[in-house]
Amino acid sequence: MKISIVVCFALLSFLAGTAHARRCPLLATEESAAAATRALFNCPSARLLVEAEGEHKFQVHYDFPQALPDLSNIPYLSVDPLADQIGLIDSGCCDLLPQWWAAIISLSAFGGFRVTGEHGEDLTPKGLKARGLIALLALAPDHCRSREWLQDKLWSDRSQKQGADSLRQSLMDIRRAFGEQAGILTAGREKVRLDSRGFVVNFDRPFGRGADKCDIELFGDLDIPDAEFEEWIRNERLTFSPPLRGDANETHVQRRLDNPVIFLRCDGTGTSEGQAIVKSVLSLVTASLLDFSDFQIFQDFDCATPIRREPPRRGLVVSARMPPGQQWLSITILHPSRGQIFWTRSVRVPMFFNDELMHPVCSEIVEAVLRTFRTRSDDLEIPDCAAMMANRGRNLIFQFDKHRLLQADAHLRLAYEYDPRPQYLAWRSYLRIVAQFQHRSSHFLGGDATDTMMLAREAIQEAPSSAIALGVAAHIEYLFGGSVKSSLQLATHAVALDPLNAITHAILSNTELIIDNRPDSQRSASMALALAGGSECRALIEFFCCMSATALGEYEIATHHAEMAAILRPSFMDPLRYLVALYNHAGRTDELTRTITRIQSAEPDFHMARLLDNDYPNTTLRRMRLMEAIAR
């Protein structure tokens, strides 16, 4: 399978951070930059796509799963491997690349603020604000924040110029402390980033000594006298604190009231048919959002009159339009007061706009709303609340690594403390299933298989009409040896309650596969993929499609889905395990060898025969005819 990968890097950062640049310090022309790219990425061609001030963008080609070169020395890199196929463009996202490198710098979150190098050397900056800056970046999505946001947290009492000057000084202090690893910290005109390929946060608490403030609290010895930083660190410490005790009703009520407002309105729809379509779309979106969290949602379906309610001060406006005489449905997500557009989408509505066509559109709107809340929370001035915590937590599940799963569990646990919605328990249960398959254990999250079942059982008892609670219960019913018939009933009911949830469709597909209803399993998996679109769970859904195709004996299609999942999330183990069996069956020995090596980087004891072991996490694969070639 040939894939095209577009790489983009700031030329000055590239020159500052790579060994090749040190050998060729004057990469000033297009030809020399292209030559450097070919050498660095070990590829026959590097075609220049864009050239802007200080930036070059090249297209390179690989045969998947050929090992990509070690990119750990490049301080800033953007990758877009699937833009032509699924429209996924995630600038600055390095998670799409195989991560075989080890972290160079580690930050201890408990037991005293300390930054260490790969050999244990102390790289902690002396300045208090420099340490605060590292903490702010360490807990940020992708370890990246805007300069303005950082200045507001550390120098909120100073002018913008003074704050900018102080930020530059702290950045210099950090680079000086990091020494040869200074390239891990990059600062552009607007963003500051710690490269996640060379930087990791250690959340382990120290053992074997008396519990003091540093052991209990996140960054317990980091006290910076700035009101904005103090509020930020207080909220983060709550996230990683032990479960709350006692009566927290007052907290629950306040956090519930703080949940963001979503105002759904119908604009400029002239015909009754168009208004009916808009109502159906927004009603489905409402039901799906409410199954996720307790958003404050208001609807205005009177298209003939202007909005009668005051738009939310902290939230979003979702506007739907279907102008008279046109077959286009336009959805726009706006800032409630400024009218700033965060997201927009236009869809051509055919004469027969059935569920199969409507549901993926609605699911895309739901994901756009959740993504906007995650990425624009500062612009929207939304405080930390149950809905925001749960939104972050669910998103982190699909990153799969232990650090993100721990963060996801902490966010979901705190969301439940703020507002005890059973859906959060269901997601915590599902998170443990993911951990068990990905890491062959969920002990690092605390508890065991019993804990996974108890969370799911409590969720379904408290919310028997919640789609995600029913879906997770269906998955557990099958995985833990319960009734397959009950599993199918639960999954079918979950999909009926929320037809926009890609995860519940995938679980239904898996259950249908177990009862040997393979055509329906593939249809459910295909619908899950359509619903997933370009969301964070796409890699997981690609894997479910791989399972259903493998069961049908459509091995080429199964291989394609597994390879896509591995491209999207290189550390995702399940598709790699299937690729071992698929490549072995197809006689693709080179790809087989490379894939086994990739698995062994995370599981040193792995060999192909492990797929046959009952204690190895590939329950469904062991039941398939594909395994006969390995058993021989």
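For a 25 Å ceiling on Cα separation, which of these pairs sit above it: 153/402; 129/402; 126/153; 402/485? Working shown, then result.
Working: 153/402 28 Å; 129/402 29 Å; 126/153 19 Å; 402/485 33 Å.
Exceeds cut-off: 153/402; 129/402; 402/485.
Under 5 Å between amide hydrogens, which residues at least 5 positions from residue 342 or on another chain qualify, with H placed 1.01 Å from N in the peptide plane?
So residue 342 has HN proximity to 333, 334, 335.
Taking the Cβ-Cβ separation of residue 223 and residue 272 as r and a Förster radius of 56 Å, what is the calculated FRET efficiency to the nearest 0.05? List each step's numbers first, then the result.
Details: r = 62 Å, r/R0 = 1.12.
With a Förster radius of 56 Å, E is 0.35.
Compactness ratio of the range 347-399: Cα Rg over 2.2 N^0.38 Å, N = residue count? Intermediate values should be presented prior to the final figure.
Details: Rg = 14.8 Å, N = 53, 2.2 N^0.38 = 9.9 Å.
Relative to the rule-of-thumb radius for its length, the range 347-399 sits at 1.48.
Of all the Cα-Cα pairs you can form in the range 320-457, what percent are over 20 Å apart?
On the way: 5479 of 9453 pairs.
Of all Cα-Cα distances in the range 320-457, 58 percent exceed 20 Å.
Can you give the convex hull volume per residue for the Cα atoms of the range 425-542, as a whole number of Å³?
So the per-residue Cα hull volume is 97 Å³.
Every number in this text was worked out from the coordinates using simple rules, so none of it is lab data. What you are looking at is a predicted structure, and each value in this text was computed from that prediction instead of being measured. Cβ atoms come from the backbone with ideal geometry, glycine included; neighbour counts cover every protein chain shown.
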